[in-house]
Amino acid sequence: MEFVAGKLAVIGAGLMGAGIAQVSAQAGWDVVLRDVTDEALTRGTDGIRASYEKFVAKGKLAAADAEAALGRITATTDLDAVADADVVVEAVFEKIEVKHEIFRALDKIAKDGAVLASNTSAIPITKIAAVTERPEAVVGVHFFSPVPMMQLVELVRGHKTSDAALATARSFAESVGKTCIVVNRDVAGFVTTRLISALVVEAAKLYESGVATAEDIDLACRLGFGHAMGPLATTDLTGVDILVNATGNIYAETQDEKFAPPELMRRMVDAGDIGRKSGQGFYTY
């Protein structure tokens, strides 16, 4: 049976949330994009419009389709607006306390049968779902940045995630053009963040200790392993702060030293050198 797009709510209008809203609206979903301030919503919707305009300019999207997609996005600061959504995707900062606050509220607001998804890249879904009375409806739906360009979505089962919730999450992700992998046990960092975190930590340590330049470390991974980007360039693209937080979450859960955020990366975050979005990371932009 062909999947029919329904109503989606996205919590968080940052880069990830706006990207999820963008691809979903383009695929025919009616989207409620919620954030706590009008300023955040304006930045998010302006970013979506700019991204659509780039696709139109490149001939990859018709102007009429871009306008139609924008018309399917409603921006709001009212969390109650998610009440009739079929799927809710939380895409806020990677702090368990923040996510718990949102999921406690969603547990009361979201309609029966709604799938409550988290875009977390590292926090176990079981921990997020623990504050709800419907943990079977909670699932990880991990998109990658930039969302319109990246093909992969990681679907993550919590300890009590139902087959039905996982199937709905897969149908949603595939309906917006993504390819899914399934993580059957929600260890911290899942599959992709766990792998990239170990590589980033080691690459940062090699750079920090003067073994090789950032350029040569990345070149080694591109030419030696066939990676599209090296680990340090990937860190700059994703955000040094995001990777520090992700590796910190995995380290806190595992106490495995290979995931301990290097001192250099922590100092870069303190200095505001967090990658492309700040103009300075391991490289200058």
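The values are calculated or read from the model by the stated rules, or taken from the named source; none is laboratory data. Just so you know, these numbers come straight off a predicted model, no measurement behind them. All Cβ positions, even for glycine, are placed from backbone atoms using ideal geometry, and neighbour counts span all protein chains on display.
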Original post:
residue 112 fails exactly one of the following numbered conditions: (1) free of Cβ contacts under 8 Å to residues at least 12 places away in the same chain; (2) of a type in the set (D, E, K, R); (3) assigned to a helix (DSSP H, G or I). What is the number of that condition?
Top reply: (3)
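Of all the helices (runs of 4 or more DSSP H) wholly in the range 200-285, which have at least 1 residues that are in contact (Cβ under 8 Å) with a residue 12 or more places away in the chain and touching a strand residue (DSSP E or B) at 6+ places or on another chain (Cβ under 6 Å)?
231-238, 240-254
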Subject >> One residue from 233, 228, 252, 271 being surrounded by 15 or more Cβ atoms within 10 Å (Cβ to Cβ), small (Gly, Ala, Ser) and at negative phi >> reply: 233
Original post:
Just a yes or no: is a residue in the range 199-218 at pLDDT 95 or above, polar (S, T, N, Q), touching a Phe, Trp or Tyr at 6+ places or on another chain (Cβ under 9 Å) and in the same structural domain as residue 117 (by TED's automatic domain parsing)?
Top reply: no
Original post:
For residues in the range 166-189 being surrounded by fewer than 21 Cβ atoms within 10 Å (Cβ to Cβ) and in a helix (DSSP H, G or I), which is farthest from the chain's Cα centre (by Cα)?
Top reply: 167
**OP:** Among the residues of the range 101-122, write down those that are under 17 Å from the mean Cα position of the chain (by Cα) and more than 20 Å from residue 162 (Cβ to Cβ).
**Re:** 102, 121, 122
Subject >> Only one of 125, 102 that is at pLDDT 95 or above, under 29 Å from residue 250 (Cβ atoms) and in contact with a Gly (Cβ under 7 Å, 6 or more places away or on another chain) >> reply: 125
**OP:** Name the strands (runs of 3 or more DSSP E) wholly inside the range 1-108 in which the number of residues that are free of Cβ contacts under 8 Å to residues at least 60 places away in the same chain and assigned by TED's automatic domain parsing to the domain that holds residue 142 is 2 or more.
**Re:** 30-34, 73-76
Original post:
Mind checking whether some residue in the range 143-165 is modelled with pLDDT of 95 or more, in a helix (DSSP H, G or I) and either touching a Cys at 6+ places or on another chain (Cβ under 8 Å) or closer than 18 Å to residue 121 by Cα (or both)?
Top reply: no
